[in-house]
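Participant: Structure in C-alpha cells, see below.
What follows draws every value from the coordinates through simple rules; no lab data is involved. Owing to the predicted nature of the structure, the values given are computational and were not obtained by experimental measurement. So basically every Cβ, Gly included, is an ideal-geometry build from the backbone, and we count neighbours across all protein chains shown.
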Amino acid sequence: MILYANAAAGKLLSAGGGGVAGTSLRTSVFRDERRRFDALFEAGRQGAASAEIRLRGRKGGRPVNLSLRPLSDRGDVMVAAVLTDLAEQKKTADALEGERLARSILEQAGEPILVCDRNGLIIRASRSAARLAGRDPLFQSFEAVLPLRATDGDRSYPPRRKRLTPTRGLEVRFERPDGASFRLVLNADPLRTAAAVVGTVITLTDITRLRE
C-alpha cells in the first residue's frame, strides 16, 4: 500500500488524476508484468533494487525505472520507491534508432538513391550514388553533382517547376567529368511529412549496358 506519494509520482501512477495514497503500487503495473514486479519488490525489501517496468495508462502504458530500497521504522520494514519516467527518453532513443536504420538502409542500397531538400540540396545519398557521381554528393546541388539530360531531347532534369512532383521511368544520360558516360532510368517521388512536402527522393537505375 502506498503511504505517501509526491505530486510527480502521483501523476505517473494515477491515469485519472486522483490521489494514490492508500492504493496498491502493484495495481498500477500491467498484469503481465506483476510477477516481475513482485520479485523486484521483494528484492527491494532486502536491499537496493531497480528495473524498468511498464505502468498502466493510455496508449500502451508508460515505461518507468522503478528503484526500491528498504526503510525501517520501529521494526516494520517499509520500502521507498523512486519512479523515473522513461517515456521521452524511449521516444528519443526510438527516433535515433529509426534514423540510424534508415541511414544504414539508404547507404547500403544497391541502386543510387538521393534525398534532396526543397531547394535541390542533397541531404542523403547511398554509397552507389557517390560512386556514380564520382565524388561525395552530400550538401551539394543535385544539378551540380548530377547534370542529367533526358535522352528524348536536350532538356535537363529536374525542371525547377517539377522538382517536387513525381517522375516515373524518365530515361536520362549522365556525362561524368572523367569522361564516363551513363544511361539511367530516373524515378522521383516527393518526400512528405504529416504537414508538407519537404523534398524529393530520387532513384537512378543504370541501364548503360542495355543500351550498348
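Participant: How much length, in nm to one decimal, is gained on full extension between Asn65 and Gln46, taken as 0.36 nm per residue of separation minus their Cα-Cα distance?
Facilitator: Value of the extension gain: 5.0 nm.
Participant: Right, next: Starting from the Cα of Asn119, step 7 Å along the direction of its Cβ; do the same at Gln89; then give the gap between the two resulting points in nm.
Facilitator: 3.8
Participant: Give, in nm to one decimal, the length gained when the segment between Ala196 and Arg35 is fully stretched (0.36 nm per residue of separation minus the Cα-Cα distance).
Facilitator: The span from Ala196 to Arg35 would gain 53.3 nm if fully extended.
Participant: Considering the zone a paramagnetic label at Arg168 would reach in this model (a point 7 Å from Cα along the Cα-to-Cβ line), which residues of region 186-205 have amide N under 13 Å from it?
Facilitator: Hits in region 186-205 for Arg168 at 13 Å: 187-189.
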